[in-house]
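Colleague: To start, I am sharing the structure in question, which I have written as C-alpha cells.
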Amino acid sequence: MSFRRKSRELVVQTLYALGYEENDDYLQELELINKYEEKLLLIAEDRRIDEKSQIYTFAHDLLKDLIIAMNKIDHIINEYSIGWSTERIAKVDLCIMRLAVFEIIFYGTPAPVVINESVEISKKFCSETSAPFINAVLDAVFQNQEKISKD
C-alpha cells in the first residue's frame, strides 16, 4: 500500500473523529482548525505512524487545507449526491467524499486516481453499498469539474 493511501486513510479517520467533536456552527471552521492536529497526532500514534514520516506530512497537508474548504466541499457534495444531503450520508462515506472532492477540485489530484482510492478506502471502512454510491457522486463531480472550478 502506498504512503498516499495510508495518508488518505489517516485523513478519513481524523475527519471522522472530528465529526464527533462539539462545535459551534458559527465557529466550526476555526474550531476544527484548532483541533485537527491533536486528533491527527493521536490517530497516527495509534496506527504507529511517525509524525516525521511522509504519511503523516501528506495527511497533515491535506487536512489543513481541506478544513478551510469544508463548507464549499459540502455544498458540492450536496449538489451532486442527488436525493441525499450531507446530513443523511453515512459519516465515514461523507469523510471519504470530502477528501476526494477536495483532492479533485482544490488539490489537483487526477480524478481517476482519487475515485479509485476512495472506492478502495470505502471497501475497508464502509458498508457494501458505500462504494457504488461514493463512486457515483465522485464521478458526477469529475464530469462537472470545470463547471465547479469556475464557481
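The values are calculated or read from the model by the stated rules, or taken from the named source; none is laboratory data. Predicted model only: the values in this text are computed from it and were never measured. Here the Cβ is made from the backbone with ideal geometry for all residues, glycine too, and neighbour counts use every protein chain on show.
Colleague: Filtering region 50-85 down to residues that are of a type in the set (Val, Ile, Thr) and touching a helix residue (DSSP H, G or I) at 6+ places or on another chain (Cβ under 7 Å), which residue is surrounded by the fewest Cβ atoms within 10 Å (Cβ to Cβ)?
Modeller: Filtering region 50-85 for residues of a type in the set (Val, Ile, Thr) gives 55, 57, 67-68, 73, 76-77, 82.
After this cut, where a residue has to be touching a helix residue (DSSP H, G or I) at 6+ places or on another chain (Cβ under 7 Å) as well, the list is 55, 67-68, 73, 76-77.
Working: Ile55: 22, Ile67: 24, Ile68: 15, Ile73: 24, Ile76: 24, Ile77: 23.
Here the answer is Ile68.
Colleague: Hey, another quick one. What is the one condition in (1) crowded, with 22+ Cβ neighbours inside 10 Å; (2) touching a residue at least 60 places away in the same chain (Cβ under 8 Å); (3) of a type in the set (Asp, Glu) that Glu103 does not satisfy?
Modeller: (2)
Colleague: Evaluate the following for Ile115: is it of a type in the set (A, V, I, L, M, F, W, C) and surrounded by 19 or more Cβ atoms within 10 Å (Cβ to Cβ)?
Modeller: Numbers: of a type in the set (A, V, I, L, M, F, W, C): yes; surrounded by 19 or more Cβ atoms within 10 Å (Cβ to Cβ): yes.
Spelling it out, Ile115 is indeed of a type in the set (A, V, I, L, M, F, W, C) and surrounded by 19 or more Cβ atoms within 10 Å (Cβ to Cβ).
Colleague: Give me the helices (runs of 4 or more DSSP H) completely within region 37-143, filtered to those with at least 3 residues that are within 12 Å of the chain's Cα centre (by Cα) and either at pLDDT below 95 or under 20 Å from Gly19 (Cα atoms) (or both), ordered by residue number.
Modeller: On the way: elements: 54-68, 70-80, 91-101, 111-125, 130-143.
Helices (runs of 4 or more DSSP H) meeting the threshold: 54-68, 70-80, 91-101, 111-125.
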